[in-house]
1. Would you mind checking Lys17/Lys205; Lys205/Lys275; Lys85/Lys182; Lys275/Lys295; Lys119/Lys182 for any pair whose Cα atoms are more than 28 angstrom apart?
2. Under 5 Å between amide H atoms, partner at least 5 residues away or on a different chain: which partners does Ala207 have, H built in plane at 1.01 Å?
3. Around Thr7, which amide H atoms from residues at least 5 apart in sequence, or from another chain, sit under 5 Å from its own amide H, with H modelled in the peptide plane?
4. Which ³J(HN,Hα) values, rounded to whole Hz and listed in residue order, are derived for segment 168-178 from phi using the Karplus coefficients 6.51, -1.76 and 1.60 in 6.51 cos²θ - 1.76 cosθ + 1.60 with θ = phi - 60°, glycine and proline given as x?
5. If R₀ is 25 angstrom, what is the calculated FRET efficiency for the pair Ala347 and Ala296, using the beta carbon separation as r and rounding to 0.05?
6. Only Cα pairs under 8 Å and at least 6 apart count here; give the relative contact order of segment 72-131 as a rounded whole percent.
7. Taking only protein heavy atoms and a 1.4 Å probe, what accessible area per residue, in Å², does segment 274-344 have with all protein chains in place?
Amino acid sequence: MRKIPATVVTGFLGAGKTTLIRNLLQNAEGRRIALVINEFGDLGVDGDILKGCGVETCREEDVVELTNGCICCTVADDFIPTMEKLLEHADRLDHIVIETSGLALPQPLVAAFNWPEVKARVTVDGVVTVIDAAAVAAGRFADDEAKVQAQREADESLDHDNPLEELFEDQIRAADLLVLSKADLVSDEELARVREEVTLVAGRKLALVTASQGKLPADVLLGLASGTEDHIHERRSHHEIEHEGGVAHDHDDFESLVVETGPLASPDRFVDGLKGLIAAHDILRLKGFAAVEGKAARLLVQAVGGRVEAYYDRPFAPGEARATRLVVIGLHDAIEENEGAIRAAIAALASTEAQAAAE
């Protein structure tokens, strides 16, 4: 029986995974591709974007969304049943693409392909790790060593770790192919430094390509034939190394919330205001859809760190609620302690009164 190849696309929050996959679907050259989209948080933004890709060979019924969790933590409950469902129609599939949550460890997910229910019929063609070159160049995943040393000198008992840096490293270690995305946002010198940094983290020779706006030929991403499920035990994550006894992986370091409000009076002012909000509360990722007064189309809002972009992606469907819904993701303590302030600030930015006062 022919095994269906599956590609796991991983990478940190906002790295450009969805953009890469959308471009892949639009240039799939006739391949029939099923998608499994996993998100951290209750609002399924990425799946909604990809369902509207308009590609005949990727039908909406072949897109499975898993929200409010992380697929690496729910293999038995979510991943295995999802794969079994897709395999009911294996005769019409050429490839499966799985987009993990930006907070997911690829290792346990890839290992799940060794489950008997899956291994006989599917193989991991490759793990593609998408890396935000601009974020790495800005030092987003690295510690300020001087600051850390000062903290240690002030308190010798301090057990310092960096969940962002560890997750970044784990996603690289699991890869068969590294994609440096957003290459157009950095200089040649910065890109060269990023290449050196990720190569050092990988600890082994890996294929590495650069991409702008997620544009890469399908043949670069698919057809790696890596059989990664047979090798993933050699690419252990920080968590696996630190917890040899099998302690379950969790995401206690991170938290998300969904904020819903009414139509925006001024999208430009709303976007500008979000930049200040993100900086004030150290928000890692913000994304969602907004309604704008007087506009028939919905506004897609995406933010990674201080970079915020917004554009109209499609008209509202008949009966679709004209509301603004955003998912906000950050470190657990920052979100938990400031949830009320974050919700109030977003509501204020959207309100007609606040917009008018700013004029």
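1. On the way: Lys17/Lys205 22 Å; Lys205/Lys275 38 Å; Lys85/Lys182 35 Å; Lys275/Lys295 23 Å; Lys119/Lys182 35 Å.
Check vs 28 Å cut-off fails for Lys205/Lys275; Lys85/Lys182; Lys119/Lys182.
2. Leu178
3. Counting only residues 5 or more places away or on other chains, the set is Ile96, Val97, Ile98, Asp125.
4. So the Karplus estimates, Gly and Pro as x, are 4, 5, 5, 5, 6, 4, 7, 7, 9, 9, 9 Hz.
5. Numbers: r = 23 Å, r/R0 = 0.94.
Computed FRET efficiency for Ala347 and Ala296: 0.60.
6. On the way: 23 pairs, mean separation 26.8, N = 60.
This gives 45 percent for segment 72-131.
7. Numbers: 3210 Å² over 71 residues.
Ligands and nucleic acids excluded, the figure is 45 Å² per residue.
The values are calculated or read from the model by the stated rules, or taken from the named source; none is laboratory data. Computed from a predicted model, the values in this text were never measured in an experiment. We place every Cβ from the backbone using ideal geometry, glycine too, and count neighbours over all the protein chains shown. Accessible surface is based on the protein model in full, side chains and every heavy atom, while ligands, DNA and RNA are left aside. Shrake-Rupley method; radii C 1.70, N 1.55, O 1.52, S 1.80 Å.
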